[in-house]
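Step one of this worksheet: look at the structure below.
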Amino acid sequence: MSARARAAIVGIGQTPFTRGTPHSTLELHLLAGLEALADAGLTAEDVDGVMPNELAGTVAEDFILNLGVPGLAFSSTIRTGGASFASAIQSAALAIEGGVATTVLLVAGRRGYSSQRVSRTSEGAIAPHPVMRQVDEFERPFGNTVASQWFAHAARRHMHEFGTTSEDFGRIAVACRKHANQNPRALMYEKTMTLEQHQASPLIADPLRLLDCSLESDGATAIVMTSLERARDLRKRPVSLLGYGEGHGFPPTSITHKRDMTRIEGLEIAARRAFGRAGLRPSDIDCAQLYDGFTWVVLASLEAVGFCGHGEGGAFVRDGRIELGGALPINTSGGLLSEGHCSGANLVSEAVRQLRREVEPARQVPDCETVLVTAEGDFHEGAAVILGVER
Amino acid sequence: MSGAGKAQGAAALRPAPLVTELSEGFWQGVREGRLVIQRCLGCGVLRHYPQPMCPACRSLGFDWAPVSGRGRIYSYTVAHRAFHPAWQAHVPYAIATIELDEGIRMVCDLLGTPPEAVAIDARVEVFFEDLPGQGPMPRFRVVDPAVGESAAARVSETKGSRGRERAGEGTPR
């Protein structure tokens, strides 16, 4: 256990992943938040920090008002899209380590099926967003309108430079699906996938196929963080935050303008910082929960973290290494590709469950003591956290 | 110009670029049929997309420099599904990241070029076109398929039919 660990995750809560929900996004957040507090043995009165999630559009005032939080001392929202939840863990840790807050609630997730559905934007307007300003002026008006298309440019260039194939992407999709098939919580629990089915799935933004894209689902996930010292007195086995880091590539406002779009530069920086802070190396990781908005992002994340060299991701995933039972199981819940898209927060809850031995026996990574969670958002921005348990 | 956009009514108009005071010079050039790129007055470096400060020398001063309009495809995707109604009638269509010979990158949908003719390193050139909902826009077309790409071989088979069919879209002003 690193001497640096000063913050811990003490509670997790999650609404079911569904396609259709009677609840608003805020209601989903409140339900997940209450469950996380109960899991920790805490109440809303204990909360003095809230990290609302950018992608959900919630604000701190929503939580004060509805949970009845009497003494909020800290609140902040990170604006790096899919990386914002993992980055928020860093901010929450700083608030706890700095003595500004003692108990911080982090919530993410949205009605990705019932209201903010990418595949239905054909009917809707393009939402203005400060980070998207340049894309709104110079890419969307030229037909490059959605994330699958932006990431397809990077995936295509990766294939061109390194010989990466669609089958390599497919092996990632299949690994996630196999894991989801052992996770009753997963939206794709009962739906199997073969590499042949992946290859036969329709092209969305060539080279990305339908089964290279993450799910459109409704649901929210919450975690509660506090100091490691206080965590030892709470209900569940504390999960220590051993390392954290965020990173921003250049330019941060477009994938097509990246100096090298085949790298997730923001994650390279973030992972380096997280490992440095933890005093650990990639070979110390027992399993990894890698942000999987698209399969190519997983492949590029394996490279960015340093599990393999730049350009070697395709070869790395070819032999079953990333599946349960392999040397580096990834996305053991099914991830965003097959469990549900909870803005990356469900990768963190899965890491906590693995470390607490709370998953189904078939999914439990043996001797799991150290888990890496990565996130990628907007235009190759990155965040990484390393979680562990005391022996 | 293709009638597809008009035929579907107002909902099918291409989204207008959100022009800012900062980028006005770029669009002024486009209206004049010229491709101009923001150039730092401090160090002479070209930059796109427009931004207020030069990240190399931190100068706020800039002017607009004409560029060749010639370059190559750095990467691309072929959209098989439209996520905006303006492109519904065009799928599958290629969207390219273009690297100009001056080292500047731009993004453009290549509606006048069959997807089979699009390949990394293929040579492209700019032209200008009035588009429904947008007005004058810089556009690109493939002028010389990449050497050594398998796509180059496919071009000769497909260019005849689809290329001519859509050629009207690519008329320079």
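Loop-located trypsin sites (Lys or Arg not before Pro) in the range A:188-259 (DSSP state other than H, G, I, E, B) with a sparse environment of at most 13 neighbouring Cβ atoms within 10 Å: A:Lys191, A:Arg232, A:Arg235, A:Arg259. Dividing the helix sum by the residues of chain A, where each DSSP H run of 4 or more adds -39500 (n - 2.57), gives a mean residue ellipticity at 222 nm of -10000 deg cm²/dmol. Extension gain, A:Asn66 to A:Ser24: 0.36 nm times the residue separation minus the Cα-Cα distance gives 13.8 nm. Comparing A:Tyr113, B:Pro15, B:Val91 along the charge dipole axis of the protein assembly as shown, the residue lying farthest to the positive side is B:Val91, per the Cβ-charge model. Once you reduce the range A:229-290 and the range A:178-212 to the center of their Cα atoms, the two points are 26 Å from each other.
Taking Cα centre as origin and charging only the Cβ of basic (Lys, Arg, +1) and acidic (Asp, Glu, -1) residues, the dipole magnitude of the protein assembly as shown rounds to 520 debye. Distant-in-sequence amide contacts of A:Leu242, defined by a placed amide H-H separation under 5 Å and a gap of 5 or more residues or a different chain, comprise A:Ile386, A:Leu387, A:Gly388.
Comparing A:Ala154, A:Gly344, A:Cys308 along the charge dipole axis of chain A, the residue lying farthest to the positive side is A:Cys308, per the Cβ-charge model.
Inter-label distance, B:Gln88 to A:Ala73: 5.5 nm, where each label sits 7 Å from its Cα along the C-beta direction.
Looking at the range B:9-67, the trypsin sites (Lys or Arg not before Pro) that sit in a DSSP loop and have at most 12 other Cβ atoms within 10 Å of their own Cβ are B:Arg58. Considering only Cα atoms, the convex hull volume of the range B:5-77 works out to 150 Å³ per residue.
Between A:Arg357 and B:Leu46, the modelled label-to-label distance comes to 6.3 nm, taking each label 7 Å out from Cα in the direction of the beta carbon.
Accessible surface for chain A, divided over its residues, is 34 Å² per residue with a 1.4 Å probe.
Using a simple spin-label model with pseudo-atoms 7 Å out from Cα toward Cβ, A:Ala38 and A:Val59 lie 3.0 nm apart.
The values are calculated or read from the model by the stated rules, or taken from the named source; none is laboratory data. Because the structure is a prediction, the values reported are computed rather than measured. All Cβ positions, glycine included, derive from the backbone under ideal geometry; neighbour counts span all protein chains shown. To get the accessible areas, we keep the full protein, side chains included, count just its heavy atoms, and leave off ligands, DNA and RNA. Shrake-Rupley method; radii C 1.70, N 1.55, O 1.52, S 1.80 Å.
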